[in-house]
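Student: Pasting a structure here, questions to come.
The values are calculated or read from the model by the stated rules, or taken from the named source; none is laboratory data. Note that the structure is a prediction, hence the values are computed from the model and not measured. Cβ sites come from the backbone with ideal geometry, for glycine too, and all protein chains shown count toward neighbours. Protein only, heavy atoms only, side chains kept; ligands, DNA and RNA dropped before computing areas. Shrake-Rupley method; radii C 1.70, N 1.55, O 1.52, S 1.80 Å.
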Amino acid sequence: MSDITTCPSCESGTFQVFYEAKSAPANSCILLGTQEEAEKYPRGDIRLGFCPECGFISNVAFDEKLTEYDGRYEETQGFSGTFNSFHKALAERMIERYDLHEKDIIEIGCGKGEFLVLLCEIGNNRGTGFDPGFVDDRIDSPAADRIEFVTDFYSEKYTDYQGDFVCCKMTLEHIHPTADFIKTVRRSIGDRLDTVIFFQIPDTTRIIEDCAFEDIYYEHCSYFTPGSLARLFRRCGFDVIALETEYDGQYLTIEARPSKNEIGTFASLPEENDLEAIKQGIADFPAKFKKMRSAWESKLEKYKTDGKKVVLWGSGSKGVSFLTTLKVPDNIEYVVDINPYRKGYFMSGTGHKIVDPEFLKDYKPDVVIVMNGIYCDEIGKDLNKMGLDPEMVAL
Ligand SMILES: [Zn+2]
């Protein structure tokens with residue numbers, strides 16, 4: 001398969017490749033039952049291209065055939081108190097801002113359904129969630145009888161489902177033909193111009209600025225900053241109301257309404273003026289990455305020389321990317337995760353075993369490398385409760 005060269009967001013710019021990670025595991029959240037299966041999981045190349053026209057970044061080598069989203073896809077963050085508080089506050093904010101009471105909510109890519117359940121419980125709303133990875137035995141909510149789940153990708157065949165609020169969280173970054181997808185959403189809404197659209201994705205501004213290579217992985221084929229996201233929505237017929245970053249700069253959200261014109265007409269927001277800064281960030285990225293990779297590799301090698309036992313905390317995509325991007329010495333044997341559904345499985349690509357926090361009581365690691373710094377407090381408390389006080393290092 002040859003690389004794409006034309007930007008699928010603005011459909012005019014030509015990609016400039018600035019980062020490459022060959023043979024990355026094609027999926028990093030999937031549950032893999034044996035070390036062998038994990039090590040042999042299909043791989044694909046990541047070649048990130050930057051579109052100088054609209055600022056969009058895409059894995060130009062992405063092959064959709066390598067993706068797998070089904071019940072084996074275990075991505076929920078719903079076992080973390082930090083995440084749950086954020087999620088609840090977000091639902092409350094949307095309900096208040098858009099008066100979502102006894103309304104119809106659609107969630108595209110609802111995962112295990114936690115956010116849709118929150119919106120329906122708190123605002124007494126009715127919901128429909130679409131996700132091929134939905135597992136229907138986990139919903140335990142007084143709102144359950146007002147929520148329907150469709151275990152499938154959202155597509156044009158579901159345009160009969162109409163919502164007052166259409167949300168889509170952590171999904172657009174998995175979709176390669178970005179403008180095609182947003183145009184589908186726009187067509188599905190038709191002339192219901194009072195519909196509110198809410199999308200949330202990772203904010204690539206931070207990934208580029210901090211050189212957060214652990215946030216670059218195969219499932220994420222599309223990377224946006226506030227500017228490229230707003231430009232896409234506007235081009236596809238939405239009036240952009242707000243752009244926000246949250247969760248420590250990790251998430252980027254957009255709120256919009258369908259425009260009565262083919263192209264959105266609302267004035268551009270100040271947050272969108274990021275194209276020049278991103279261009280500079282992209283130019284600096286290769287050298288920054290090289291430096292960062294060698295710093296991490298020296299650090300990990302030093303732990304080994306010092307005879308320290310090291311574990312990673314967080315077995316999701318960041319962990320897989322961290323382990324496969326760096327040369328990791330054999331003193332890192334385990335990856336810890338608080339999601340009980342991931343315990344006993346193996347990390348895609350490297351085959352590291354996933355253990356629960358309890359495991360550390362006997363293992364007594366000297367160092368815990370935390371894949372997402374926002375959870376350091378929570379993890380530190382969990383470790384202390386078990387009488388452990390290892391060195392904690394966050395990415
Ligand atoms: Zn573009």
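Student: Place a +1 charge on the Cβ of each Lys and Arg in the stretch 74-122 and a -1 charge on the Cβ of each Asp and Glu, then give the dipole magnitude about the Cα centre in debye, rounded to the nearest 20.
Tutor: 140
Student: How much accessible surface does Thr151 have with a 1.4 Å probe, in Å² rounded to 10?
Tutor: Spelled out: Thr151, probe radius 1.4 Å, area about 90 Å².
Student: Taking a ≥ b ≥ c as the square roots of the eigenvalues of the Cα gyration tensor of the stretch 326-368, is the shape rounded (a/c under 1.5), prolate (a/b larger than b/c) or oblate?
Tutor: It comes out oblate by the Cα gyration axes.
Student: Please name which of Pro340, Met170, Gly373 has its Cα lying farthest along the dipole of the chain towards the positive end, using unit charges on Cβ (Lys, Arg +1; Asp, Glu -1) and the Cα centre as origin.
Tutor: Working it through, the farthest residue towards the positive pole turns out to be Gly373.
Student: Counting other Cβ atoms within 10 Å, keep those with at most 11, restrict to DSSP loop, and tell me which chymotrypsin sites (Phe, Trp or Tyr not before Pro) in the stretch 1-94 are left. Please list the in-between numbers first.
Tutor: Working: sites: Phe15, Phe18, Tyr19, Phe50, Phe56, Phe62, Tyr69, Tyr73, Phe79, Phe83, Phe86; in loops: Phe15, Phe56, Phe62, Tyr69, Phe79.
Passing both the DSSP loop test and the Cβ count: no residue.
Student: Label the stretch 181-309 by shape, choosing from rounded, prolate and oblate, from the square roots a ≥ b ≥ c of the eigenvalues of the Cα gyration tensor; if a/c is under 1.5 it is rounded, and otherwise prolate applies when a/b is larger than b/c, oblate when it is not. Don't skip to the end; give the middle numbers.
Tutor: On the way: a/c = 3.37, a/b = 2.52, b/c = 1.34.
Cα axes put the stretch 181-309 in the prolate bin.
Student: How much length, in nm to one decimal, is gained on full extension between Asp180 and Ser85, taken as 0.36 nm per residue of separation minus their Cα-Cα distance?
Tutor: Additional length available on full extension: 30.8 nm.
Student: Hey, another quick one. How about Lys304: which lysines have a C-alpha closer than 19 Å to its C-alpha, ignoring those fewer than 8 places off in the same chain?
Tutor: Lys327, Lys353, Lys364
Student: Arrange the residues Cys7, Cys376 by how much accessible surface each exposes, largest first, with a 1.4 angstrom probe.
Tutor: These residues rank, largest area first, as Cys376, Cys7.
Student: Got a number for carbon plus sulfur as a percent of the stretch 220-343's accessible area, 1.4 Å probe? If you can, show how the numbers build up before the last one.
Tutor: Working: 2850 of 5420 Å².
Its accessible area is 53 percent carbon and sulfur atoms.
Student: Treating only the Cβ atoms of Lys and Arg (+1) and Asp and Glu (-1) as charged, compute the dipole magnitude of the stretch 112-160 about its Cα centre; round to the nearest 20 debye. Please report the intermediate quantities before stating the final value.
Tutor: On the way: 5 positive and 11 negative charges, 24 e Å.
In debye, rounded to 20, the stretch 112-160 gives about 120.
Student: With r as the distance between the Cβ atoms of Glu297 and Asp356 and R0 = 30 Å, compute the FRET efficiency 1/(1 + (r/R0)^6) and round to 0.05.
Tutor: Details: r = 28 Å, r/R0 = 0.94.
That gives a FRET efficiency of 0.60.
Student: Where nothing but the Cβ of Lys and Arg (+1) and of Asp and Glu (-1) is charged, how large is the charge dipole of the chain around its Cα centre, in debye to the nearest 20?
Tutor: 840
Student: Going by the alpha-carbon gyration tensor, a ≥ b ≥ c the square roots of its eigenvalues, is the stretch 1-132 rounded (a/c under 1.5) or, if a/c is not under 1.5, prolate (a/b greater than b/c) versus oblate? Spell out each step's value before the answer.
Tutor: Values: a/c = 2.64, a/b = 1.47, b/c = 1.80.
Judged from the Cα gyration tensor, the stretch 1-132 comes out oblate (a/c at least 1.5, b/c at or above a/b).
Student: In the chain, what percentage of the DSSP-assigned beta bridges are antiparallel, given to the nearest 5?
Tutor: 45
Student: Let me ask you something else. Express the relative contact order of the stretch 308-395 as a whole percentage, based on alpha carbon pairs under 8 Å and six or more residues apart in sequence.
Tutor: In percent, rounded to a whole number, it is 31.
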